[in-house]
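The values are calculated or read from the model by the stated rules, or taken from the named source; none is laboratory data. Computed from a prediction, not measured in an experiment: that's the story for all the values here. Positions of Cβ are backbone-derived with ideal geometry, glycine not excepted, and every protein chain shown enters the neighbour counts. Keep in mind that these areas ignore ligands, DNA and RNA; they rest on the heavy atoms of the full protein, side chains included. Shrake-Rupley method; radii C 1.70, N 1.55, O 1.52, S 1.80 Å.
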Amino acid sequence: MQIVVGVTGGIAAYKAAEIVRRLIKAGHEVQVVMTEGAKAFVMPMTFQALSGRPVRDALLDPQAEQGMGHIELARWADLILIAPASANCLARLAAGMADDLLTTVVLASRAPLYIAPAMNQVMWESPLTARNVRQLSEVRGNVTVLGPDQGEQACGDVGPGRLLEPDALVEQLLALNSPGAAARSADMDMRGLTVVITSGPTRERLDPVRYLSNDSSGKMGFALAAAAQTRGAKVILVAGPVHLPTPAGVSRMDIESAREMQEAVMSVISAADIFIGAAAVADFRPVLSQSQKIKKSGDQTLELKLEQNPDILAGVAALDNAPFTVGFAAETQNLETYARDKLTRKRLRMIIGNNVSRADIGFNSEYNEVLVITPSSTTPIDRQLKSELAGVLMDQIMREFNALSRSSG
Ligand code: C5P
């Protein structure tokens, strides 16, 4: 592909060098366009060396206008990626301004536009920035927001606003533009459906600074949310504490404990056609959660008393108007037997069993290998990236969902 990479002024501009390197390595042609602000952070020569093309930065550049002027550049682009996209750049794009080369190229192009915001968390959460992003997507169309990530920021704040890591950003960008993605989004077979997905671990508080939890990374649930959204579904993702950016176009509800997850799920479940429980919900919580930090006493032991959490998945499946309900079974042995037992006990339509005793798949890995089990079938699915597996699982879910809809008239 021919990709225009716009780099705007922010401390994350240095990460754009790695993004360009990865795109070139993946066989794409890259033309970097820098704003004035970006040049205060990174030397244009860096991008020239990586992309093999002189950086473009001036709207009225007599030399460039003789060859590939801004309109030709806009036509040349198969897609435009702006990374990092500053708050100022988003505001100028939303306003339709064309007072430098980057904004002019965006305005003059109908190519898909990908923006990877990076800014201080308060700036990202400002209603003005939120309005600008919304307006840009709604009015221009063909806009995908990649990230931002959560975490520690250059300014010392912690929160949403970090540029996605270059490897994750390039992976998402290329996955969204792969032939498979085009074919999948072309049929948009989930348009009109609402999907509720739980993902990540839960935390069960012992006191203000301690909790019980598990190793779930949330990657599988987030990949499923992205896959359903790409196929046209309205997706609500109920997420435990994880370090993952919200997939573009997905509504996210952040929770901490199993009871909060249950409350969030139940508040939206009446709208759901499909429910996927991919979260690793803690089975037990402390009977008493102390409001102050537990102190060491003279005793050598501390007894914890735990009580059972509600089973969210079984609760949804037991509802009168239950959506098509899909569970996950993480097992360390007897995968098929245990998973099928859960399918029956929790009255599910489908369960996806994975072996969590292996280090090369499952919890925290980028990969997974699963068994898809329904009341009448067992289908093994080969080891593959969770992002790809999500598409395959969605195919299986839709096949069963459609078969059931047809049989129930
Ligand atoms: O019984 P087990 O916890 O192994 O079942 C796993 C499946 O049930 C997963 O889909 C998980 O999201 C869901 N679950 C739940 N609420 C719980 C426990 C598990 O929704 N309290």
Over the chain, the sum of -39500 (n - 2.57) across DSSP H runs of at least four, divided by residue number and rounded to 500 deg cm²/dmol, gives at 222 nm -10000 deg cm²/dmol
Counting only DSSP beta bridges with both partners in the range 2-164, the antiparallel fraction in percent, to the nearest 5, comes to 20
Lys and Arg at +1, Asp and Glu at -1: neighbours of residue 3 with Cβ under 9 Å from its Cβ sum to -2
The alpha-carbon center of the range 45-62 and that of the range 209-236 are separated, in whole Å, by 39
Here the percent of antiparallel bridges among DSSP beta bridges lying wholly in the chain, to the nearest 5, is 35
Charge tally for neighbours of residue 357 with beta carbon under 13 Å away, counting Lys, Arg as +1 and Asp, Glu as -1, is -3
Rounded to the nearest 10, the angle in degrees between the Cα long axis of helix 258-268 and the longest principal axis of the Cα atoms of the chain comes to 70
Comparing 221, 298, 159 in a Gaussian network model of the chain (Cα, 10 Å), the one with the largest mean-square fluctuation is 298
Sorted by chain and then number, the residues having a modelled amide H within less than 5 Å of the amide H of residue 114, at least 5 places away or on another chain, are 80, 81, 82, 144
The size of the Cβ-based charge dipole (Lys, Arg +1; Asp, Glu -1) of the chain about the Cα centre, to the nearest 20 debye, is 420
Taking every other residue with Cβ under 13 Å from the Cβ of residue 259 and scoring Lys and Arg +1, Asp and Glu -1, one gets -4
The equivalent-ellipsoid semi-axes of the range 2-164, taken as the square roots of five times the Cα gyration tensor eigenvalues and listed largest first in whole Å, are 24, 18, 14
Helix 219-230 sits off the longest principal axis of the Cα atoms of the chain, rounded to the nearest 10 on a 0 to 90 degree scale, by 60
Mean-square fluctuation maximum in Gaussian network of the chain, Cα pairs under 10 Å, restricted to 83, 317, 227, hits 317
The range 2-164 accessible area per residue, 1.4 Å probe, protein heavy atoms, integer Å², reads 45
Within the set 215, 189, 299, GNM on the chain using Cα springs under 10 Å gives the largest fluctuation to 299
Sorted by chain and number, the residues with a modelled amide H under 5 Å from that of residue 370, at a separation of 5 or more or across chains, are 381
Diffusion coefficient in µm²/s returned for the chain by Stokes-Einstein, Kirkwood Rh over C-alpha pairs, 20 °C and 1.002 mPa s, is 92
Sorted by chain and number, the residues with a modelled amide H under 5 Å from that of residue 207, at a separation of 5 or more or across chains, are 290
Whole-Å distance linking the alpha carbon centroid of the range 249-266 with that of the range 360-381 is 24
The size of the Cβ-based charge dipole (Lys, Arg +1; Asp, Glu -1) of the range 2-164 about the Cα centre, to the nearest 20 debye, is 280
With a 1.4 angstrom probe the carbon and sulfur portion of accessible area for the range 2-164, in percent, totals 54
